[in-house]
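Participant: Here's a structure for you.
The values are calculated or read from the model by the stated rules, or taken from the named source; none is laboratory data. Since the model is a prediction, treat every value here as computed from it, not as a measurement. Note: ideal-geometry Cβ built from the backbone for every residue, glycine included; neighbour counts use all protein chains shown. Side chains included, ligands, DNA and RNA excluded: accessible areas come from the protein's heavy atoms. Shrake-Rupley method; radii C 1.70, N 1.55, O 1.52, S 1.80 Å.
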Amino acid sequence: ESDKNDDITKTQPKKKARIDPTAKRPNQICDPYGQNGQPLSYTEANLNLQTILHSRWHLVLSHHEQSSSSSSHDDTNSNEQTTPRSIRTEFHHTDFYTASKFISQLAALAHNHHHYPKLTLERRLFKKEKCWKIVSRVDLCTVALGGLSYHDFHLGMLIDLEVERDAVRDLWLDDEK
């Protein structure tokens, strides 16, 4: 009997170790972003930023820096070594109620595409103009990668299309207004 059991165990294939499906980062089996678990580099993100329909978007390099446009031009080498955290844009509104309707439109769009940006709404003092404005801000990033994915740029393009629709266009102020 023991010889038969030994033969059975020898012929059974060995089981592979199972990958934890709740792992935070994509792994060899599950890579939903197609980036091998790595965020886009500064160079890749900057190239993709040019594909977004409007120039209102900019790269956010870290929590301390506002954007890539605020850094000096002499610092280009350090920018290339920095991985962007997100892409960001802001919209100004006439009042808080209109701004909240605007945010709801963007939230519905993001939900339908299963990619969830950070949407903020605030009343901000503009010292140069000496006035208060209602500002909504959109930050797109992929938390699982710790930076940007192609999905962020795709949603950015969809947001640009959405804000230009007539029903949504009336909810925010253009810089010329």
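Participant: Looking only at residues that are more than 17 Å from residue 86 (Cβ to Cβ) and outside any strand (DSSP E or B) in the stretch 110-125, which one is modelled with the lowest pLDDT?
Facilitator: 114
Participant: Quick one: which residue in 123, 85 is touching a residue at least 12 places away in the same chain (Cβ under 8 Å), basic (Lys, Arg) and buried (at least 18 other Cβ atoms within 10 Å of the Cβ)?
Facilitator: Working: 123 fails: buried (at least 18 other Cβ atoms within 10 Å of the Cβ).
Answer to the selection: 85.
Participant: May I pose another question? Counting only residues that are open to solvent by 60 Å² or more (accessible area, probe 1.4 Å) and in a loop (DSSP other than H, G, I, E, B), which one in the stretch 126-157 is farthest from residue 86 (Cα to Cα)?
Facilitator: This residue is 130.
Participant: Of (1) open to solvent by less than 40 Å² (accessible area, probe 1.4 Å); (2) over 18 Å from residue 160 (Cβ atoms); (3) at pLDDT 95 or above, residue 102 satisfies all except one. Which?
Facilitator: (2)
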